[in-house]
Amino acid sequence: MTQNLADTSRPAAAPIAANAGATRDWWRDAVIYQVYPRSFADANGDGMGDLPGVRSRLPYLRDLGVDAVWLSPFYASPQADAGYDVADYRAVDPMFGSLLDADALIRDAHQLGLRIIVDLVPNHSSDQHEWFQRALRDGPASPLRDRYHFRPGKGENGELPPNDWESIFGGPAWTRSTDPDGTPGDWYLHLFAPEQPDFNWENAAVADEFRSILRFWLDMGVDGFRIDVAHGLVKAQGLPDIGGSDQLKLLGNDVMPFFDQDGVHEIYRSWRRILDEYPGQRIGVAEAWTPTVQRTANYVRPDELHQAFNFQYLGTHWDAAALREVIDVSLDSMRPVDAPTTWVLSNHDVTRHATRFGNPPGGTQIRTAGDRELGLRRARAATLLMLALPGSAYLYQGEELGLPDVTDLPDEVRQDPSFFRQAGQDGFRDGCRVPIPWSGTEAPYGFGPTAGGPSWLPQPAEWAGLSVEAQTGDPTSTLELYRSALAVRRATPALGAGSEVTWLDGPEGTLTFRRDSAEGSFVCTVNTTGEKVLVGAPGRVLLCSTGSVEVNAGEAVLEADSTVWWAV
Ligand code: GLC
């Protein structure tokens, strides 16, 4: 199934550092834009986004002002979990294009000065992966079974799962296999859907295979990897029971026998050695859900990965005190390991922040539209706050358009596997995955080539007014706010540099901090209250989330739910 590039004599895409002569650590303050390929741009009109579609929109991303693009998986996959179930790690699914399209995408991106980060899914494969299929086919004695976690069941006839672990998507984390003779056989472990069997990382062939996969994509010229479920690869010895149900509630709070085990770090140390062999600063980014930011910092020690997502920040509500605390804790915990802090508000697994902030505080999975206007106002302010913090920021496609989550998708169009397993934590993730509106007045709004053509999830009618085309040139639009913010950030690197913020006094419900660097100083003021607040104007207004700010005789009126950047 593995595809080959037609012309193997071609050199890999040149790394950007070689093109641009960059020498500093580009990733320390990079703005990285997440593309969810199936929902970004559909070049062939089948209703599903694809790599040629992404490629055609690279100039848009360059003009937006981001530094790098992270692509969610586009590998050969039966799509049981939207591509996070990989059947062949070295092939592009025909639905998304071919390896030649991936190669062309990487080359074009580099030409435009954009880096490419691909998603790597090492915790589990698809149940259609050749190893798993052979392990099933060859029966209980197959040595390939040791590459996964096969175990006999408990109970008189092995009819009960080997332990009490629950799947993140709901239901037991074990499924019973059928032996070649048709009788019920051993069980296999899947922390996610049954179509996603977990690898056994104690098996040397698994570790070797992933080192080879890393090299395959590094040789293709990618600039880094986002590592899916980076905290899950190693399981506690003996796969001990947790002792109790409702385990999902413990995730992220307690140390679980299948998450954040110390053994994972040896894997990342070996990967770091590979990344460092390549020119141009190739990076690894951990998706690691751990109980504390301090434990997350372990993933980015100097000889491990470069960045880890800051999910504690993503989960913080629009509240000045809570934000200040999470910012301090985040910066404090990364300083000892000399890794940049990262900031993120949205991704393909959580309700978009424009919708979260329009609802009462309630976690990252929200099912109601809430107050749209309030949500958008806060989302714009939250983005300016994020982009003024030291470190690297992640944007999720469509947030620059102020897109809300689509909370009223009919059940019959939903595809999130955990929706069908009901008890799972994330069953409503389709709402943030609705295809992007680019232009025009008729769905799919330029997502596909033909007006009236298909899109794999339906887009709301009001999205015509939110398209890239509709927002371009409108100074009040969210798109133009993002463009301005990223342009200011690029022109004044001090905004993202370093690892310090200096908090200044301000009225209750507001945040004021100063950022100093050799190139200049900035102040960022944030009003998280629903009222106007009067503060002393700290300097000259650079940008404001509400468009303008009233300054009179040294005093500034901060609008409700707004952020202002000041040059001082
Ligand atoms: C990660 C991905 C999510 C996926 C899961 C299983 O959390 O972000 O989309 O469902 O891993 O691979």
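The values are calculated or read from the model by the stated rules, or taken from the named source; none is laboratory data. All figures in this text were calculated on a predicted structure; none of them were measured in a lab. Positions of Cβ are backbone-derived with ideal geometry, glycine not excepted, and every protein chain shown enters the neighbour counts. Note: areas computed on protein heavy atoms with side chains; ligands, DNA, RNA excluded. Shrake-Rupley method; radii C 1.70, N 1.55, O 1.52, S 1.80 Å.
Looking at (1) surrounded by 15 or more Cβ atoms within 10 Å (Cβ to Cβ); (2) modelled with pLDDT under 95, can you tell me which one Glu519 breaks?
Tallying (1) surrounded by 15 or more Cβ atoms within 10 Å (Cβ to Cβ); (2) modelled with pLDDT under 95, Glu519 fails exactly one: (1).
Criterion first (surrounded by 14 or more Cβ atoms within 10 Å (Cβ to Cβ), closer than 30 Å to Val118 by Cα and either touching a residue at least 40 places away in the same chain (Cβ under 8 Å) or out of contact with any Phe, Trp or Tyr (no Cβ under 9 Å at 6 or more places or on another chain) (or both)) does Ala193 satisfy it?
yes
Please give the number of the condition Ala461 fails out of (1) modelled with pLDDT under 95; (2) away from the ligand (no atom under 16 Å from the Cβ).
Unmet for Ala461, out of (1) modelled with pLDDT under 95; (2) away from the ligand (no atom under 16 Å from the Cβ): (1).
Do any strands (runs of 3 or more DSSP E) lying entirely in the range 87-205 carry at least 2 residues that are closer than 28 Å to Val69 by Cα, and which ones are they?
In the range 87-205, the matching strands (runs of 3 or more DSSP E) lie at 88-92, 115-120.
Looking only at residues in the range 350-378 that are at pLDDT below 95 and within 16 Å of the ligand (Cβ to nearest atom), which one is surrounded by the fewest Cβ atoms within 10 Å (Cβ to Cβ)?
Filtering the range 350-378 for residues that are at pLDDT below 95 and within 16 Å of the ligand (Cβ to nearest atom), the one surrounded by the fewest Cβ atoms within 10 Å (Cβ to Cβ) comes out as Gly363.
Which of the residues that make up the range 244-269 are within 20 Å of Tyr148 (Cα to Cα), open to solvent by 30 Å² or more (accessible area, probe 1.4 Å) and free of Cβ contacts under 8 Å to residues at least 60 places away in the same chain?
Gln261, Asp262, Glu266
For the range 137-156, enumerate the residues that are closer than 21 Å to Ala207 by Cβ and among the hydrophobic types (A, V, I, L, M, F, W, C).
Result: Leu144, Phe150.
If Arg147 satisfies every condition in (1) free of Cβ contacts under 8 Å to residues at least 24 places away in the same chain; (2) touching a helix residue (DSSP H, G or I) at 6+ places or on another chain (Cβ under 7 Å); (3) open to solvent by 40 Å² or more (accessible area, probe 1.4 Å) but one, which is the exception?
Every condition holds for Arg147 apart from (1).
Report every pair of residues separated by at least 6 positions or lying on different chains whose Cβ atoms are under 6 Å apart, first residue within the range 317-341 and farther than 10 Å from Pro390 by Cβ, second open to solvent by 70 Å² or more (accessible area, probe 1.4 Å) and outside any helix (DSSP H, G or I).
Close Cβ pairs satisfying both conditions: His317/Pro361; Val337/Arg301.
Which residue is farthest from Pro257 (Cα to Cα), if the candidates are limited to the range 196-235 and must be surrounded by fewer than 22 Cβ atoms within 10 Å (Cβ to Cβ), more than 16 Å from the ligand (Cβ to nearest atom) and acidic (Asp, Glu)?
Going through the qualifying residues, I end up with Asp219.
Cβ contacts < 8 Å: first residue closer than 20 Å to Pro15 by Cα, restricted to the range 216-243; second residue part of a loop (DSSP other than H, G, I, E, B) and polar (S, T, N, Q), any location; separation 6+ or different chain. Result?
Asp223/Gln281
Of the residues that sit in the range 131-182 and are at positive phi and at pLDDT 95 or above, which one is nearest to the chain's Cα centre (by Cα)?
The residue in question is Gly139.
From Leu511, Leu534, Leu543, Leu504, which residue is within 18 Å of Leu389 (Cα to Cα), open to solvent by 50 Å² or more (accessible area, probe 1.4 Å) and at pLDDT 95 or above?
Leu504
Can you find, within the range 26-43, the residue that is most open to solvent (accessible area, probe 1.4 Å) among those that are touching a Leu at 6+ places or on another chain (Cβ under 9 Å) and closer than 23 Å to Ile16 by Cα?
Asp29
Criterion first (within 16 Å of the ligand (Cβ to nearest atom) and either open to solvent by 10 Å² or more (accessible area, probe 1.4 Å) or outside any helix (DSSP H, G or I) (or both)) does Pro78 satisfy it?
It is true that Pro78 is within 16 Å of the ligand (Cβ to nearest atom) and either open to solvent by 10 Å² or more (accessible area, probe 1.4 Å) or outside any helix (DSSP H, G or I) (or both).
Of all residues in the range 367-390, which are more than 19 Å from the chain's Cα centre (by Cα) and under 21 Å from Phe428 (Cβ atoms)?
Arg367, Thr368, Ala369, Gly370, Asp371, Arg372, Leu374, Gly375, Leu376, Arg378
Hand me the list of helices (runs of 4 or more DSSP H) wholly inside the range 408-493 holding 2 or more residues that are open to solvent by less than 10 Å² (accessible area, probe 1.4 Å).
478-491
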